[in-house]
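Take a look at the structure below.
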Amino acid sequence: GGSPALTIVSIRVIELRRVALVAGDQRWLSDADCRVEGDRLDIIKVSAQSKATRFQGSGALTSISRNEGELTIAANPLDLDELMAFGSALSRPVVKSSPAAAAAAPTPVPVQLTVKLTAPSGQLAAQPFHELATTATITTGAFSLSPLTVGAFGGRFDGRLDADSRKSDPVLRVNGRI
């Protein structure tokens, strides 16, 4: 036994290029420039694209070990169905079908992300929208968009959208005013 071929002493800068993020049937290609300082990851620049969505942003994981952080994202266009499917698949805990499977399955990793999101154009349920602005709160198995403002159908919606995929039948709730 000799010494290992590669030893990492410290990481300060992370550059990712054309990395595929896959959750469920969603696939997003992303680039990112980041700096690491202790348990903090500063995201200097991040961009991603999927079949219908493109975005750029920045922010920080204020705690890498606890998956906590804040991002600011500008998307154009934004397909909310695609984003919700990705978020649900990414944050969905493992469904345990039997006591043996429950004992063997890994515990879901806690997540607490806040994302300020804007999009001048996009779609939801194949319907076009404009001037979307929201704050997304993403936790393990659930997320909310609140407050959510968006122009659609010749008017404006002000309210919130909540999704919860912690059980086998996901729940989606929309509350607000048109």
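Points to keep in mind about this one:
- Amide H contacts under 5 Å for G122, placed H, 5+ residues apart: L78, F129
- Counting 0.36 nm for each residue step from H130 to R54 and taking away their Cα separation leaves a gain of 25.9 nm.
- Phi angles of segment 30-44 translate, via the Karplus equation with coefficients 6.51, -1.76, 1.60 and θ = phi - 60°, into HN-Hα couplings of 9, 10, 7, 10, 9, 10, 10, 9, x, 8, 10, 10, 7, 9, 5 Hz per residue; Gly and Pro are given as x.
- Distance histogram in 5 Å bins (all Cα pairs of segment 17-65, percent per bin): 5, 20, 23, 22, 18, 9, 2, 0
- Segment 144-159 and segment 13-36 have their alpha-carbon centroids 29 Å apart.
- Counted charge near Q112, where neighbours are those whose Cβ lies closer than 12 Å (Asp, Glu -1; Lys, Arg +1): -1
Read the figures in this text as sums done on the coordinates, not as results from a lab. Please read these numbers as outputs of a predicted model, since none were measured by experiment. Glycine also receives a Cβ, built like all others from the backbone with ideal geometry; neighbour counts cover every protein chain displayed.
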